[in-house]
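Structure, as structure tokens:
Any read-out appearing in this document is the output of simple, stated calculations on the displayed coordinates, not a laboratory observation. Quick caveat, the model's predicted, so the values are computed rather than measured. Cβ sites come from the backbone with ideal geometry, for glycine too, and all protein chains shown count toward neighbours.
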Amino acid sequence: MINTLLTGAVVSGSLIVAIGSQNAFLLKCGLKKQYALSVATICFLGDILLISTGVLGIGTLLYKAPLWKEILTLGGVIFLFWYGYQSAKSAWKGSSHLELENSDIAQSWVKVVLMAMAITFLNPHVYLDTVVILGGVTAQMEPDDKLLFVIGALVASGIWFYGLVYLANKLIPLFSKPRTWRILDSVISCIMFSIALNLATPLLSQYI
């Protein structure tokens, strides 16, 4: 029982901790105090849905369907390129800064939540990690062990996402400097473009 829980936590944790679009967006929201808890909750709820789906095996079948895989990948590439461009533009102009107060609360919250949902559900890497990989790891497990694996994986997910919000709050003094923001936006832009290119290359190779 303990071994299965730990296996779920370690495997899931190792996939979640890797720096990607979701973590980068959550960190930035935490630094700017822009509804980071809402974003962390969306990320966590997304993991509940996707990890559960993956372990049940449904997601693996969908992702292996050629047409579904190509559509999913293309949508993710477009979104990641767009987000990378926005981050690069922000880095160039130096327009990012800490916003501790926001007068337009409703519109800002909706915008942040929609962005969090897009990054969570339009990123093919999220499906690859939570659905395909975890689904494959648990393919030979008994139903009771699969449940324990999911519990362990979700504990790791919750600790990481909400812990990242806490860590971001500790880094606020560092990010009071505009130069730090430009560096972060540049790094985020590189991450987005890199992921997008890695996804686009095999897709384009099929038609060139």
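Below is a table of values for the structure above.
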| item | result |
| --- | --- |
| Integer Hz, Karplus 6.51/-1.76/1.60 couplings in order for region 194-204, x for Gly and Pro | 5, 5, 4, 5, 4, 6, 6, 4, x, 5, 5 |
| Region 178-199 residues near the modelled Ile78 label - backbone nitrogen below 18 Å, point 7 Å along Cα→Cβ | 193, 196-199 |
| FRET E, pair Ile151, Leu45, Förster distance 22 Å, beta-carbon r, rounded to 0.05 | 0.90 |
| Debye-sum result for region 144-191 in log10 I(q)/I(0), which assumes one identical scatterer on each alpha carbon, at q = 0.13, 0.29 Å⁻¹ | -0.50, -0.99 |
| Length gained when the stretch Val113-Leu203 is fully extended (0.36 nm per residue, less Cα-Cα span) | 29.5 nm |
